[in-house]
Structures are given as C-alpha cells and as structure tokens.
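Notes to accompany the following structure.
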Amino acid sequence: MISAVIDCGYNSFRMVIYQVFRNGTFRMIGSSKLYVRIGEGLKEGDIISEEKVAKAERAFMIFKRILNGVNVNEVKIVATSAFRYASNGNEVRHRLSKIIENEVRVISGEEEGRYAALGILNTLPISDGVFFELGGGSLEIAEVSSGNIIRVHQLPIGALKLVNLPEREIRKKVSDELSTTSIKKANVIVGSGGNVRALAKLDLKLSSFPIKSIHGYSLSSKQISKYASLLPSLDIDSRQSLPGISKERALTIHSASVIIDELVKYFTGSYIVVSLFGMREGVLTEGKSLDKMSWLEEISYSNAIDPPPIEIFKEVISEVDSKYSFYVASSALLSLIFKMVGYFNPFRACYRFIKESVLPGFTLNEALLVGLICEAADGKVKKKQVKLLKEDITKKEILSFGNIVKNSIDKYVAGVRL
C-alpha cells in the first residue's frame, strides 16, 4: 500500500510518500518540503496573512501534482501550531483541503506530542524516558514509561518563534516554560524534529562516524552546549557553511541549539538520542506496535523477498550463547536476504546497507554492531571500528560471530537450506 502524510508545520510544509508493508512497517519512497513559514511572526489570535496563505496554497498545488502522478491509497494531512494560534486557522484549513481534495486536520498540541512519541516508539528500541519534538512554533514533550505515553506537555516555544531573541532571553523563556511541567529529571531523552536532526548531522560529520544515518545517534550534552555557544555567534552565511546545515535550516539552527541545550540541562541529561522519525510517522503508524523483528522483516519486503527467511534467524539465535545473539542472528538474516537478492558478496552488501541506509528499530550503535558482524563474516573488521561501539566487545569476538554467520549462510543456496 502507498500512503502519503502531509505535515503543515509552523516553519515548513512537508509531504512524505511511504510504501507500507503488511506488518505495518514502511519505507520512504519520496518527499517534498517547502519552507512556507506560515507561522513566522504569528501571535495567538493573529490572522495568517493573505501572502502566507497564497504561499501555502502554492505548496499544496505542488503536492497535488505529485500525488496525481502516484497511485496513492491514502492521504493523511495534519496542521499544527500556526493553525491553532491563528484566528483564521480553520478558514485556511478549508482552503487547503479544497485544493488537495482531502481533509486537512488541525491537531491539538497533545495530539502532536503523542504522534511524535508514537513515531519514536515504533522506530527506536527505547520504551522509557522523555521524548520531545522541536518544531518551528512549539515544543512537545511526552513522558513515556514501559512503552506507554503517560502524559504530553505542549509548550509555546519553537525555533522559528524565538529566532530573533537574544540567547539569554531564549534560555529564560525555555526555562520558564519547562518549569510548568511535572518532569524534573530524565534518564533517557529522545529528540526529533528538523533542527534536532540538523544538529546531529553536523556532529556526525565532524566526528567522522562511519554510518551516514543519524537515526539513533547519541548527541552528548557537552557537544550540544558547544553548539549552543557557537551557533548564535555566527551569521547566517557562516552557519550555512557548516557541514550538514542547509541554507533554510541555517535560519533557525542557532535558536534551536539553545532550546535543546536548555532542555537537556533542565532534565539533567548527559545526552539525547536522535530520532529520524517523529510526528509524521506517528500519524502513519497509529494503532501499530513495531519492534526490531518487524523492521528486519521490512528489509526483506523492501527487497521483494516475501515471506522473509526467518528460519535462519531462529537457527543462529539458538546457536549463539551470548547477550549479542540477537545481533548475530540479525546479521545472518540480512546477509541471507542479500544473497537471495543476488549479491555475489552478501556480507559486504549487508555492511554497505548498514553504512548507507537507515535501520529503524535499532539505535545507531546497535546498527553498527550488526554491520560489523556482517563485515566480520567477510573477514574485514578494523580495531578502530570496534572502538566506536559503546559495547564491551573485542575484535576477536566480532570475528567469531562473523564466522558463525558465514557458516550459516553457506548452508543456503538461493534461499533454500541444503
């Protein structure tokens, strides 16, 4: 099934088209983003100007043309804080709905926060902590325990909304708003939103981490503080020249970094885990509960292997007596999928996939471990790669796991066990 989700945000409008598989997992197959900035300068009760409405209508005409060229089964459209703040938000919603011939739904701050938390829960193996999504006009914070969303706090602070304020004033506003929540400390903090991801991309590129994806990346509070100190001191051209920061994102990344820094300090966190997925994916996967195994199956579906060759996963996980057995079995399953697709070296294909793509359901550290075990099956693990893992594991152990994977794969020809 092909589904589209359109997010009409305070800063940008974005449409993402997904292929949704029978187990509820998905893969992105297209995306269009336009910086409408419909909420720029907007205060509660203000009217969205006709100029901004016209810009929003042009964005929807572009989305409509794209949808007309794709056989989409369902379209879900949500509008967030700017539409809630504006006195004519409902009128604008109706105008946009007519263009795209689908209802635009204005969601509450609580709904926005719940969708963001759901998008994170379904794509990261984290079931407890504070989950936040930072947008252009608001900050949503969800308290999560044992995979359940306990409560959501919606705060009227966002990267575009505070963009013109001095750093000290941003910090005071954020601190004042955070003090209205009932949360005092968080063992795990997970963040999503465009500016959060941009900050992670900047850090990842500067650290030369071997995987390109930032999904599940750990961004330390120390680094966040450095960016929050540096970025406000730079002009927009200097910010744009930094790795991972686009021209459009350079407008708000400095105010966002201060908001994130203040949030992490308030909750006394030592790092945040960055999620590539958030509110849009929460809208997409509402009612689903996805885990690591679901996402391994998704790789199989994405490569037109259905049903997935789960038998090799079961064989390997029963053979390996280690706390890393799940990751060894995951490496075997992915390698077999790539062998069935036709790769001459399925272990190398598995490692390249981990290095270049996103593996939802896993943190970046877990994904790297899976990739290195695939690399070990090909006999090519480096010590410096092992050192990047936040695990008590040696190169020798990874090579032994790789040998198990290789021996298991060698028993299969064209996906059939000998």
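The values are calculated or read from the model by the stated rules, or taken from the named source; none is laboratory data. Nothing here was measured: the structure is a model prediction, and the numbers come from that model. Every residue, glycine as well, gets a Cβ built from its backbone with ideal geometry; the counts of neighbours run over all protein chains shown. The area values use the complete protein model at the heavy-atom level, side chains included, leaving out ligands, DNA and RNA. Shrake-Rupley method; radii C 1.70, N 1.55, O 1.52, S 1.80 Å.
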Exercise. If you check each cysteine of the chain for another cysteine whose beta-carbon is under 4.7 Å away, which ones come up empty?
Worked result: 8
For this session: With the full set of protein chains in place, find how many percent of the accessible area of the chain is carbon and sulfur; take the probe as 1.4 Å.
Result: 49 percent
For this session: Mind checking which aspartates and glutamates have their Cα closer than 18 Å to the Cα of residue 355? Skip sequence neighbours fewer than 8 apart in that chain.
Result: 203, 298, 366, 375, 378
Exercise. GNM on the chain, C-alpha springs below 10 Å: top fluctuator among 94, 215, 254?
Worked result: 94
Problem set entry | Residue among 73, 187, 403 with the largest mean-square fluctuation in a Gaussian network model of the chain, springs linking Cα atoms under 10 Å | 73
Exercise. Cα to Cα, under 12 Å, and not fewer than 8 places away if on the same chain: which aspartates and glutamates meet these conditions relative to residue 161?
Worked result: 40, 44
Exercise. In square angstrom, what is the accessible area per residue of the chain with a 1.4 angstrom probe?
Worked result: 42 Å²
Problem set entry | Theoretical FRET efficiency, 1/(1+(r/R0)^6), r = Cβ-Cβ of residue 270 and residue 238, R0 25 Å, to 0.05 | 0.30
For this session: With springs only between Cα atoms under 10 Å apart, run a GNM on the chain and tell me which of 252, 363, 180 wobbles the most.
Result: 180
For this session: Determine the relative contact order of the chain: mean sequence separation of Cα pairs under 8 Å and six or more apart, normalised by residue count, in whole percent.
Result: 14 percent
Seminar exercise, completed: Two pseudo-spin positions, 7 Å from Cα along C-beta at residue 413 and at residue 108, lie apart in nanometres by 6.3 nm
Exercise. Residue 403 to residue 65: FRET efficiency via 1/(1 + (r/R0)^6), r the Cβ-Cβ distance, R0 60 Å, to the nearest 0.05?
Worked result: 0.70
Problem set entry | Lys, Arg +1 and Asp, Glu -1 on Cβ, resulting dipole of the chain about Cα centre, debye, nearest 20 | 1080 debye
For this session: Mind scanning 76/212; 55/98; 288/339; 201/265 and naming the pairs with a C-alpha gap bigger than 27 Å?
Result: 76/212; 288/339
Seminar exercise, completed: Checked against the positive end of the charge dipole of the chain (+1 on Cβ of Lys and Arg, -1 on Cβ of Asp and Glu, about the Cα centre), the farthest of 251, 240, 56 is 240
Exercise. Just how far, in whole angstrom, is the stretch 87-151 from the stretch 3-56 if you go by their alpha carbon centroids?
Worked result: 12 Å
Problem set entry | Two-site FRET efficiency, residue 325 against residue 187, from Cβ-Cβ distance with R₀ of 22 Å, rounded to 0.05 | 0.30
Seminar exercise, completed: Net charge (Lys, Arg +1; Asp, Glu -1) of residues whose beta-carbon lies under 9 Å from that of residue 254, residue 254 excluded, is 0
